[in-house]
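The values are calculated or read from the model by the stated rules, or taken from the named source; none is laboratory data. All values derive from a computational prediction rather than experimental measurement. Glycine also receives a Cβ, built like all others from the backbone with ideal geometry; neighbour counts cover every protein chain displayed. Accessible surface areas use protein heavy atoms only, side chains included; no ligands, DNA or RNA. Shrake-Rupley method; radii C 1.70, N 1.55, O 1.52, S 1.80 Å.
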Amino acid sequence: MKAIVLHEHGDLAGMQLHPDWPDPVPAEHSVVIAVRACAMNYHDIFTVHGMPGIKVPLPIIPGIDMSGEVVAVGGGVTSVALGDRVLVDPFDTGKDKLIGEMINGGLAEFCAVDENTLIPLPDDVTFADAAALPVAYGTAHRMMIARGAIAAGEKVLVLGASGGVGTCCVQLAHAAGAHVIAASSSEAKLARLRDIGADETISYSNDELLPIMHKRYGKPRIRGGGGVDVVVNFTGGDTWVPSLRSLHRGGRILTCGATAGYDPRTDLRYIWSFELTVIGSNGWQRDDLVALLELVRKGRIQPVIDRTVPLDGAIDALRALERREVIGKIIIEPGV
């Protein structure tokens, strides 16, 4: 089969397209799927570069998020049959490992996965839309809905809104009836965010965020007034304190990552004085993915797909993702 294989950590030169990599064979309680769509995540780039404390078994086929059709079934499999359309939950609970990082992933024509990872894919949800969901949209759903309890009428600021997680946060907040303020780095990205549900947009540098927020929504007061209800901040770094200072009394900040730095300066006085709530969220649960499939099926949200490319374009697609030239998700179609 054709496959993108990571042979050594470093830059993307450590990845190669192989035209004749060995086909996978289903083990007991596993299946082989023909990968119809594989969504790229920034985590794939972390895997290429190498992550401290995580020993990736090399060589490995990256690609965490995938959907496809069952083409081979191992012994003991009872929940799916040949030809079934499926979405793969990339965290293999049986092995306690992440597919595409510690187990071969979806940047290949075929992939072997355990039966416990499979979610039935409705006929009215495309392979591409389904593959876009697990890592980014699952993380967003858990943060915004399961943990954050976004409600109608709330003012919600989403930082870094143009990526996979951010575009889903914007749509989920909009679907909940919130007033959505989306922040990103270019007018093209902001225009796309308005298209998918942002009521307002902000183009900012770190130094400009707080003055913009205070000018638009008022300076928060300890006795009430000013500020927004929720800030979604998975960047960390220099945006952390401005985010805290943008919340009104009793507001909450939601975080699921720290792409700009995990140890930001924090002024605890704002947290106790304004009775702020900091809510952490880690990844997704199976219920989040099932709920997202239903939201897509009903048209409540629509995964934002920047581009769809064949397998031989996957490495260039990762370069575009690394350069932050992407709005939403890149989908790889190995069978094209």
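The table that follows gives values for the structure above.
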| item | result |
| --- | --- |
| Segment 287-325: number of residues that are more than 25 Å from Ala34 (Cβ to Cβ), of a type in the set (D, E, K, R) and in a helix (DSSP H, G or I) | 4 |
| Leading residue by the ranking (nearest to Ala130 (Cα to Cα)) among those in segment 63-96 that are of a type in the set (Val, Ile, Thr) and assigned to a loop (DSSP other than H, G, I, E, B) | Ile64 |
| Residue in segment 131-148 that is of a type in the set (Phe, Trp, Tyr), open to solvent by 30 Å² or more (accessible area, probe 1.4 Å) and at pLDDT 95 or above present | no |
| Qualifying residue in segment 155-178 (condition: closer than 30 Å to Pro19 by Cβ, in contact (Cβ under 8 Å) with a residue 40 or more places away in the chain and open to solvent by 10 Å² or more (accessible area, probe 1.4 Å)) | yes |
| Segment 271-286: number of residues that are at positive phi and not acidic (Asp, Glu) | 1 |
| Residue in segment 77-94 that is of a type outside the set (A, V, I, L, M), surrounded by 13 or more Cβ atoms within 10 Å (Cβ to Cβ) and farther than 23 Å from Val125 by Cβ present | no |
| Tally, over segment 99-118, of residues that are out of contact with any Ser or Thr (no Cβ under 9 Å at 6 or more places or on another chain) and either in a strand (DSSP E or B) or open to solvent by 40 Å² or more (accessible area, probe 1.4 Å) (or both) | 7 |
| Top-ranked residue of segment 224-251 - restricted to ones that are touching a Leu at 6+ places or on another chain (Cβ under 7 Å) and under 21 Å from Gly283 (Cβ atoms), ranked as surrounded by the most Cβ atoms within 10 Å (Cβ to Cβ) | Val232 |
| Hits in segment 296-336 (condition: touching a strand residue (DSSP E or B) at 6+ places or on another chain (Cβ under 7 Å) and open to solvent by 50 Å² or more (accessible area, probe 1.4 Å)) | Ile305, Asp306, Arg307, Thr308, Asp312, Glu333, Gly335, Val336 |
